[in-house]
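Working notes for the structure below.
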């Protein structure tokens, strides 16, 4: 028979289901929650409850939203005719935090990963094509992850958008600011050379 | 726990935690293995951009005993697969190569020749160019050559020169310029033996010759005679045969 109370054991069990949290970490978090004031612990519980009850995907761009449309789609000050395509809402957040982009988004909710059995039908690509076909879109920026699966996803989407009178661009890639040329990987250097631009 | 160095093709990358991932590699000297790459997802990871599917890299890993994951300590990118940004057919064909490597080989069972064949196939798929039809033909040839040579190296090559059950001459297996290929028997069958195999595929003589040639080194993408072969029929048979061997249809086939 366990020496801990049933509620504490249940809390530890639930916490240890979270990614990156093992049994020991779950126990530490549970003891922390037992130590902090009741209001603080219940605020965390309420936040978890609210996010599960209220948050859904935006009907237009599939970002996280609490209404039918997300805050970005509802913001009239943003550039409406440029759509940046990302794999996940967390990629959108990263781009927003960069402060360098003020257009609209489209979240794919994944990537085409044939080796995992994930095809284009599992993503929101059809909805993106519909958005572009409805007009008023000047440019689509592919901001999928810079790896083989991300590139494949971007290429598939750009093939789908061919002939729709829209500029298709992708994020630049190559050497990072502050790095040293002679120590840069030759493949990354090759990317930088092939994607050079006028000075 | 010795540190081992080898060349490797990245077959699969799976997220393990916020900063680490598990990679499945097909290595030149140790065959297939899975290893934990700690910190691989950090911005300044020691693995740079090496751990991407289809990349060829030079790795250092600590070999663990038993069922434990090996520990990857270094990975230096040697060659990255770039065709994924240019044409999807090359990309999906290369995915098929790594899926077959993953499914057809066992952990820590080295096949250095198969490793070299896989790298050269991936490199050729990466550099394949041409109009849609031309490219499709080139990719079919590369895939078939890889499949036949891989099967041969793994001791699973189909019997194409005589009845695989009774060893009757090839001439005795021909019926109206076609031969019967028995999936269960793993090769061509004479009229008498084919009655015992419930999974028979009829194959033209030119497809049969083409499959036999694909095991040799002269099965080149620029050879006009090779490009005129019934490549669709040959690929169809090979895909059936490999599906039969694996007991499961490779995931990538529906994309090809």
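Considering only residues that are in a helix (DSSP H, G or I) and either over 22 Å from residue A:113 (Cα atoms) or within 11 Å of chain B (Cβ to nearest Cβ) (or both), which ones fall in the range A:161-199?
Our first condition is that a residue be in a helix (DSSP H, G or I); within the range A:161-199, this holds for A:161, A:181-183, A:186-194.
Correct list: A:181, A:182, A:183, A:186, A:187, A:188, A:189, A:190, A:191, A:192, A:193, A:194.
Consider residue B:91 carefully, then state whether it is crowded, with 19+ Cβ neighbours inside 10 Å, without any contact (Cβ under 8 Å) to a residue 60 or more places away in the chain, touching a strand residue (DSSP E or B) at 6+ places or on another chain (Cβ under 6 Å) and within 11 Å of another protein chain (Cβ to nearest Cβ). Please lay out each step first, then the result.
Details: crowded, with 19+ Cβ neighbours inside 10 Å: yes; without any contact (Cβ under 8 Å) to a residue 60 or more places away in the chain: yes; touching a strand residue (DSSP E or B) at 6+ places or on another chain (Cβ under 6 Å): no; within 11 Å of another protein chain (Cβ to nearest Cβ): yes.
In short, no.
Name the single residue that is nearest to residue B:44 (Cα to Cα) among those in the range A:165-199 being touching a strand residue (DSSP E or B) at 6+ places or on another chain (Cβ under 6 Å) and crowded, with 16+ Cβ neighbours inside 10 Å. Quick ask: steps written out before the conclusion?
Initial filter on the range A:165-199 (touching a strand residue (DSSP E or B) at 6+ places or on another chain (Cβ under 6 Å)): A:166-170, A:185, A:187.
Pick out the ones that are also crowded, with 16+ Cβ neighbours inside 10 Å and you get A:166, A:168, A:170, A:185, A:187.
On the way: A:166: 36, A:168: 30, A:170: 23, A:185: 13, A:187: 17 Å.
The extreme case among them is A:185.
Count, please, the residues in the range B:218-256 that happen to be within 14 Å of residue B:146 (Cβ to Cβ) and within 14 Å of another protein chain (Cβ to nearest Cβ).
Number of matching residues: 3.
Any chance you could count how many residues in the range B:144-174 are more than 16 Å from residue B:244 (Cβ to Cβ) and in contact with a helix residue (DSSP H, G or I) (Cβ under 9 Å, 6 or more places away or on another chain)? Let's see the steps before the verdict.
Start the filter on the range B:144-174 by keeping residues that are more than 16 Å from residue B:244 (Cβ to Cβ), which leaves B:144-146, B:149, B:152-153, B:161-163, B:165-174.
Now restrict to residues that are in contact with a helix residue (DSSP H, G or I) (Cβ under 9 Å, 6 or more places away or on another chain): B:144-146, B:149, B:153, B:161-163, B:165-166, B:168, B:170, B:173-174.
Total meeting the criteria: 14.
Assigned to a loop (DSSP other than H, G, I, E, B), closer than 28 Å to residue B:129 by Cβ and at pLDDT 90 or above: does that describe residue B:13?
Values: assigned to a loop (DSSP other than H, G, I, E, B): no; closer than 28 Å to residue B:129 by Cβ: yes; at pLDDT 90 or above: yes.
No, not satisfied.
Each row is one residue, and each column tells you yes or no for (1) assigned to a loop (DSSP other than H, G, I, E, B); (2) closer than 27 Å to residue A:190 by Cα; (3) at the interface with chain A (Cβ under 10 Å from one of its Cβ atoms); (4) in contact (Cβ under 8 Å) with a residue 24 or more places away in the chain.
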position	(1), (2), (3), (4)
B:26	no, yes, no, yes
B:29	yes, no, no, yes
B:35	no, no, no, yes
B:41	yes, yes, no, yes
B:54	yes, yes, yes, yes
B:64	yes, no, no, yes
B:72	no, yes, no, yes
B:102	no, no, yes, yes
B:109	yes, no, no, yes
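So, in the range B:97-153, of the ones that are touching a strand residue (DSSP E or B) at 6+ places or on another chain (Cβ under 6 Å) and exposed (fewer than 15 other Cβ atoms within 10 Å of the Cβ), which residue ends up farthest from residue B:67 (Cα to Cα)?
Residue satisfying both the conditions and the ranking: B:109.
Please specify each residue of the range A:120-160 satisfying the condition of being in contact with a strand residue (DSSP E or B) (Cβ under 7 Å, 6 or more places away or on another chain), within 14 Å of chain B (Cβ to nearest Cβ) and surrounded by fewer than 20 Cβ atoms within 10 Å (Cβ to Cβ).
A:158
Tell me, yes or no, whether the range B:203-217 has at least one residue that is within 21 Å of residue B:94 (Cα to Cα) and within 14 Å of chain A (Cβ to nearest Cβ). Even if it seems obvious, please write down each step before you answer.
Going residue by residue through the range B:203-217, those that are within 21 Å of residue B:94 (Cα to Cα) are B:211, B:214-217.
Filter once more, so that each one left must be within 14 Å of chain A (Cβ to nearest Cβ): none.
No, because not a single residue in the range B:203-217 is within 21 Å of residue B:94 (Cα to Cα) and within 14 Å of chain A (Cβ to nearest Cβ).
The values are calculated or read from the model by the stated rules, or taken from the named source; none is laboratory data. The structure displayed is predicted, hence computed values, not measured ones. Glycine also receives a Cβ, built like all others from the backbone with ideal geometry; neighbour counts cover every protein chain displayed.
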